[in-house]
């Protein structure tokens, strides 16, 4: 049997997601795989037979993906059925057969790990000899069975760096101001919580952090913000896009649109809160909403995150080659000071469709954090990545040509 | 007479504004000035007698300001009267006398250069021997009498870098999307125009750039955007916060609030346009609004801009020491390839209250740019700045203690 592998990416990208692909590619080269294929735009690329031959591609371009933001193989939000008798599965395996794929790797978040799990289940059920391993990624950091998720450290570094520079901007004036940062995170507030790391003048910068894990009460929020504003003049707030009221509804649920996975498309919570603050407290609120940039700012990536992510890809291929299947590569933290991290394999069935939220004991009164989140996040943000820059003063990235093999 | 100098900063900060202060400090040390004073928060600090002794401060802290965002001496938006018989002027000169100031440097934009000009005029009129030099800064790049402004190159680098990483995020999906970046720039669209530099896959990324220099027509905007969206699927737009309709009114003038200088407080134009696009074309618009971050992102600063800014400060002190007064340090571009730039002195009276806008011949049909802006901007973005980072993975900045001398 040929040593052929196929890899694909899915879901929202991260600043270092491609480092995992390059790690997998490197392992496959080291292990002398016959063919290293990538599907363009996730499982959709498999179904459409849009397959790129990574071994035939320019080596420098492939390796340059490590320092390139967002999904270098293209991404999708196509949701595979949970029922493996759905014709999509047969279609996927038909392509696997044509390509003589013995190893399949899917690089994504919760939904992708679910797809990965189902593909493994299908293979087992039909006695098909294919090893399936998931390579995790998500800035949301909400995958279970792993200490943290590839991509989170870089997003946290981006948000905290952004907050720190903005603090210098705001504190250079004496005008009382409320500064509100909105972060990603639908159901888990890891990114919002991570902003507890930001410092100004040696002290914690952010005064309040509002998370999906806590019930958001508008009256309490306004009363607390007004009190802080009177006391401190300069108030820093972080709100997760996913904050919910006591009924569990998103704050902006009235105006939400659903995406293909049935997730509410959020955003704009900070603008809404700004208008409420303007009505009740002060018109002086400045909003920092990094939007998609928090998940693709490779120029502010964490070197630790980038290296760990590379290793997830490398280990995925190595483990599959050693006969493992139905797992996701995961992190196990040994200690913080100095930071030591081990790699392990977590069964995909444990990961699929579950969400890891912030432990309740890390949250104080629904709006502040214990030091746990700081100790947890700091090691993941360590180290800077220098990107190659062109003659125009701007970063140079790698782009894989959309050149598909003939099937 | 003592060789005493006083320096202060005013207006909206930049990512490299403090580099000018460190340049001035370095020159004053080299020229063996007796005392190097800074007023805290601009001319207000002079009036309030909040004076910091920079020579007495920790040298590493002062020099570390070079790599610290935003006004390290504090900033203000206090507008001095244009009438030099106003009591503020007498008060300012009384403090100068107490401190035996022979040299005064004001680091700011248009309004600060006006203040600087008036202070010089007062000195000349009353036969007071004090040399006054302006040190320019503004991300808006709208000062006349200089090729470009300190701070602009770094802001342009930040915006273009942000656009380039976001392009990789957006193009990783096949979902048709409109991406709209909102930039600063009230009356001059230099920052918006600079985004013509951003590239994806070797081609210009941004399709349309809307500037204060052109009349904004909503119907034409919607028609053009719809056409682009149908043709290209992925559409990148840049809008300046200061876009105006045919009557010269800001697009959001109905909801604007005035600041102390009589400027309309803008922002939110992109959200407004997004809502119009949603009504007429598609709900899929992603907004990138870097807000204050574009003027304080020292972690994405241009090394060229930082060095040039240092030199403006150095040259200000050197020129004053040589007897010059009533000038602003300015840039004169000699050539682009390779980039050569000279420093010169421009009379403050030429700079005060004037605004340099983009040449009309650089604008095509009110919504695209000729190559001129690219050739103009690229050299200013060149070179990366590595910041010192702490054990927490976040940048470490310098903060001058608010320790005032007794007067």
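The values are calculated or read from the model by the stated rules, or taken from the named source; none is laboratory data. Given the structure is predicted, the values throughout are model-derived calculations rather than measurements. Quick reminder, even Gly has a Cβ in these numbers, built from the backbone with ideal geometry, and neighbours come from all protein chains shown.
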Those residues that are crowded, with 19+ Cβ neighbours inside 10 Å and not in a loop (DSSP other than H, G, I, E, B), I need them from the range B:385-402; list them, please. B:395
In the range A:369-395, what residues are closer than 23 Å to residue A:154 by Cβ, free of Cβ contacts under 8 Å to residues at least 60 places away in the same chain and more than 14 Å from chain B (Cβ to nearest Cβ)? A:372
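From B:192, B:156, grab the single residue that is within 22 Å of the chain's Cα centre (by Cα), without any contact (Cβ under 8 Å) to a residue 60 or more places away in the chain, closer than 21 Å to residue B:362 by Cα and not in a loop (DSSP other than H, G, I, E, B). Walk me through how you get there before you give the answer.
Values: B:156 fails: without any contact (Cβ under 8 Å) to a residue 60 or more places away in the chain.
It is B:192.
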I'm trying to understand the selection: among the residues of the range A:176-194, which are modelled with pLDDT under 95 and surrounded by fewer than 24 Cβ atoms within 10 Å (Cβ to Cβ)? A:186, A:187
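Yes or no: the range B:350-368 includes at least one residue that is without any contact (Cβ under 8 Å) to a residue 12 or more places away in the chain, not assigned by TED's automatic domain parsing to the domain that holds residue B:307 and not in a helix (DSSP H, G or I).
In the first step, residues of the range B:350-368 are kept if they are without any contact (Cβ under 8 Å) to a residue 12 or more places away in the chain; the result is B:361, B:364-365.
Filter again for not assigned by TED's automatic domain parsing to the domain that holds residue B:307, leaving B:361, B:364-365.
Adding the requirement that they be not in a helix (DSSP H, G or I) leaves B:364-365.
Yes, because at least one residue in the range B:350-368 is without any contact (Cβ under 8 Å) to a residue 12 or more places away in the chain, not assigned by TED's automatic domain parsing to the domain that holds residue B:307 and not in a helix (DSSP H, G or I).
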Among (1) modelled with pLDDT under 95; (2) within 14 Å of chain A (Cβ to nearest Cβ); (3) surrounded by fewer than 18 Cβ atoms within 10 Å (Cβ to Cβ), residue B:71 falls short only on (3)
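Could you count how many residues in the range B:351-369 are farther than 17 Å from residue B:240 by Cβ and surrounded by fewer than 17 Cβ atoms within 10 Å (Cβ to Cβ)?
Count: 3.
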Would you say residue B:323 is touching a strand residue (DSSP E or B) at 6+ places or on another chain (Cβ under 8 Å), in the same structural domain as residue B:121 (by TED's automatic domain parsing), modelled with pLDDT of 95 or more and part of a loop (DSSP other than H, G, I, E, B)? yes
Pair list, Cβ < 7 Å and 6+ apart or interchain, from the range A:36-59 residues that are on the phi > 0 side of the Ramachandran plot to residues that are modelled with pLDDT under 95 and surrounded by fewer than 22 Cβ atoms within 10 Å (Cβ to Cβ): A:41/B:174; A:42/A:78; A:49/A:407
Might you let me know whether the range B:202-212 holds any residue that is within 14 Å of chain A (Cβ to nearest Cβ), farther than 30 Å from residue B:146 by Cα, assigned to a loop (DSSP other than H, G, I, E, B) and at pLDDT 90 or above? yes
